[in-house]
Structures are given as structure tokens and as C-alpha cells.
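The values are calculated or read from the model by the stated rules, or taken from the named source; none is laboratory data. Bear in mind the structure is a predicted one, so any value in this text is a computation, not a measurement. Cβ placement follows ideal geometry from the backbone for every residue including glycine, while neighbour counts extend to all protein chains displayed. All accessible areas refer to the heavy atoms of the entire protein, side chains included, with ligands and DNA or RNA removed. Shrake-Rupley method; radii C 1.70, N 1.55, O 1.52, S 1.80 Å.
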Amino acid sequence: MSELRVGVVGTGLMGTDHVVRIRERIAGAVVTAVIDPDTARAGAAAAEAPGSLTFSSLGEAIIANAMDAVLIATPGIFHLADLLAVLDAGLPTLCEKPLTPDAESALKVIAAEAAGDRKLIQVGFMRRFDAGYMELREIIQGRTYGELLALRCQHRNPSVPESYTNDMLINDSVVHEIDTVRFLTDSPIVAVDVKHLRRNSNNFAHLNDPILALLETESGVVADVEMNVSVRFGYQVKTEAVFESGVAEIGRTSGTTVWHEGRYSGTEHASFKTRFVAAFENELQRWVNAAKNRTVDGPSAWDGYLAAATCAAGVEALVTGKRVEVEYAPKPDLYN
Ligand code: ISE
């Protein structure tokens, strides 16, 4: 296959971004279908992909044989039906996180995929494609500085929209650390604890942030995550790994530092779109390369399910203030 024909479902912020990214930065792929019930939005995104067709539903695009692979970038509540449809059609798919909004529905996707003979779904946990996270994983796995003792994570957003809820601190935001902690340590998260830090009065009245989430791995590592969605100054995602004989830190913004009039300053990212731009490109290129062989090269639907199950424990910990142990369903053979 020379060029992979991609159908993009959902033309909000991420979907439109991906349409442009595929056109400008990704080799061997072309967006041929843009799918959104909002025809005006679909038309605007399709204008970024010359020659593409617009559809108001994924089903119509499948019937029209308009693509070889699918990129789902709709809100999580719409994912289940579309994921079942792509599995039924045998189409390799990159699905933005979350796989589905909860562990029960994620298991329906797992059951459908595991009934087949190959993995078709990849979940958009883009941090696994970030150079810093990949290097840190190698340092941890290679025991370069001895055994890993702890992970100290800061996840800071400048602000969030008023529609953002307290549960989203876990389901929408800490979910990234939930996936990366397992990626870095290769060990499942067995329990979650959440503490409220002193409330930031800059935020909407319904929000109680920042929080400190404690993720305990089976291997005995505790990752503490400062989740802070009202920092105002910029978008910052950092991780410090504490080893027996050293410390490694990733995510400190590198860029030009200016010394002037007795002070020095640099620039911080304003959004995940720039902080993770290289990760998104790497993720998409590897997905495209794998999709041509009708497979995936990244976090699978099973990783999406594990994150959803851990999030359920995280939300319970947030609401009850108690440490909650995570329960996982048995892993189907397909994911071994
Ligand atoms: C958002 O949905 C993302 O995925 C960002 O990476 C994260 O930093 C933010 O907290 C989420 O709301």
C-alpha cells in the first residue's frame, strides 16, 4: 500500500489538529474522509485535507469504503459505538484517550477485539512517544542509577474551561500519569490515594484543585502527582525519578534563557499542543507505519482498559478521601 487512507472522526481541537499534522508532517498517509455530524465543522476540517470527502457518521464512511484506517478524536462518551464499528469493519484505529469513559464499557471493546486474531486499536496516550519519557523508561529499565525508588510528577495546566469537573482531575488529566507510570515501571498500579492541597481560589467555585494523587505500583514504587489545573503561568509536565544512586528529571522546558538587568528568564509552554508536538508526530507516524500492516505500535485497547480501571479507583479515592485498591479483569490472550 503506498498511502494509507485515513478517516478522521471528530473535528474539534484534536481532530482538526491531526488533519493538518497528517497533511504537513506525516509520510505515507492521506486524510480521505472527515467525519462529523456538524457539517459546517466537517467542511472546515476537510478544507485542510484536499480531496477528502465529508460524512456525518462513521457508518456512512465505512459503507463508502472511504478509508483504510480511522483516527477517532471525538469526546470519550462517543467512543464505544465507533470502536465496535471499526472492529467489525477490521480497520486499524488510533483512538484519542480515553478509550471509553469507564472500565465497564472499555471491557466491551476488549471483548470485541479479543474475539478477533489481531490488535487493531491503539489508544492516544501520546506521552509514550515523548523523547523524555522514552529515555526515562530506558534509564529505569536499565537500572542505570540503581533501583527506582519513587516518581515525583507535576502536571500543571494554565486553566480549564468551566465545563471541567472535579472527576476530570482524574479521568481527563491524571489519566496521563496513570498510563505513564505503568509505562515507565512496567508494573501495574495497585492502589490510589488522593489528597486535596490548599484550594486555589482563582478557580471556578465548583472546582477543588490542586490535588496530590498517590499511585502505588505492584513493584513498590509510589508516584506522587501534583495535578494542578489553575497555575496561570503556562503548561508544565515534569517528572523526577528518584533512584538508589541518582535522580533524573524530564520535562524542564529547554529554550532560550535571557539574562537582563539582574534577572534571568526563559519561556514556558502555554499548551499541550506545543509541549507534546514532537510526541504527537512520532505517535502518528508510527501508527501509520503499523496500520499499513493492519496492526498497532503503541498503547493497546488493554492499556486503555487498565487506565480506565485505575481511574475508577482514583475517582473513588478523590470522593471518599480513602486509599482505594484497583481491581482489574483477567487479561485476554490477545494482549500477552
Ligand atoms: C487534556 O484533556 C489533556 O489531555 C492534556 O494533556 C492534560 O494536560 C489536560 O489536563 C487534559 O484536560
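A search for C-beta distances below 8 Å between a residue of segment 161-175 that is assigned to a helix (DSSP H, G or I) and any residue that is near the ligand (Cβ under 8 Å from one of its atoms) and of a type in the set (Val, Ile, Thr), counting only pairs 6+ apart in sequence or on different chains, returns Met168/Val160; Leu169/Val229; Ser173/Val229. Exactly one residue out of Pro188, Pro161, Pro210 is in contact with a helix residue (DSSP H, G or I) (Cβ under 7 Å, 6 or more places away or on another chain) and either on the phi > 0 side of the Ramachandran plot or not aliphatic (A, V, I, L, M) (or both), and it is Pro188. For segment 10-19, the count of residues that are among the polar types (S, T, N, Q), in contact (Cβ under 8 Å) with a residue 24 or more places away in the chain and more than 17 Å from Trp287 (Cβ to Cβ) is nonzero.
Looking only at residues of segment 49-81 that are over 19 Å from Leu4 (Cα atoms) and in contact with a Pro (Cβ under 8 Å, 6 or more places away or on another chain), we find that the one that is most open to solvent (accessible area, probe 1.4 Å) is Ile77. For Thr93, the stated conditions hold: it is without any contact (Cβ under 8 Å) to a residue 40 or more places away in the chain, hydroxyl-bearing (Ser, Thr, Tyr) and open to solvent by less than 20 Å² (accessible area, probe 1.4 Å). Answer with yes or no whether Val192 is assigned to a strand (DSSP E or B), in contact with a Gly (Cβ under 8 Å, 6 or more places away or on another chain) and not small (Gly, Ala, Ser). Criteria met by Val192.
In segment 142-178, the qualifying residues are those that are closer than 14 Å to Val222 by Cα and acidic (Asp, Glu), and the one that is nearest to the chain's Cα centre (by Cα) is Glu177. Inspect all residues belonging to segment 217-226 and state whether any of them is modelled with pLDDT under 95, in a loop (DSSP other than H, G, I, E, B), more than 30 Å from Val70 (Cβ to Cβ) and more than 16 Å from the ligand (Cβ to nearest atom). No, the conditions are met nowhere in segment 217-226. Among the residues here, Asp117 qualifies as surrounded by fewer than 16 Cβ atoms within 10 Å (Cβ to Cβ) and either at positive phi or modelled with pLDDT under 95 (or both).
Per the conditions (1) under 18 Å from Gly116 (Cβ atoms); (2) of a type outside the set (Asp, Glu); (3) open to solvent by 80 Å² or more (accessible area, probe 1.4 Å), the sole criterion not satisfied by Lys322 is (1). Does segment 55-65 contain at least one residue that is assigned to a strand (DSSP E or B), closer than 20 Å to Gln285 by Cβ and not polar (S, T, N, Q)? Looking for residues that are assigned to a strand (DSSP E or B), closer than 20 Å to Gln285 by Cβ and not polar (S, T, N, Q), one finds none in segment 55-65, hence no. Of all residues in segment 158-198, those being open to solvent by less than 10 Å² (accessible area, probe 1.4 Å) and closer than 19 Å to Ala279 by Cβ number 9.
Listed by position, the strands (runs of 3 or more DSSP E) enclosed by segment 235-303 that each have at least 3 residues that are crowded, with 20+ Cβ neighbours inside 10 Å are 236-243. Checking the stated criteria, Ala46 turns out not to satisfy the condition of being in contact with a Pro (Cβ under 7 Å, 6 or more places away or on another chain) and surrounded by 21 or more Cβ atoms within 10 Å (Cβ to Cβ). A search for C-beta distances below 8 Å between a residue of segment 131-147 that is farther than 24 Å from Phe280 by Cα and any residue that is of a type in the set (Phe, Trp, Tyr), counting only pairs 6+ apart in sequence or on different chains, returns Thr144/Phe243; Tyr145/Phe243; Gly146/Phe243; Glu147/Phe243.
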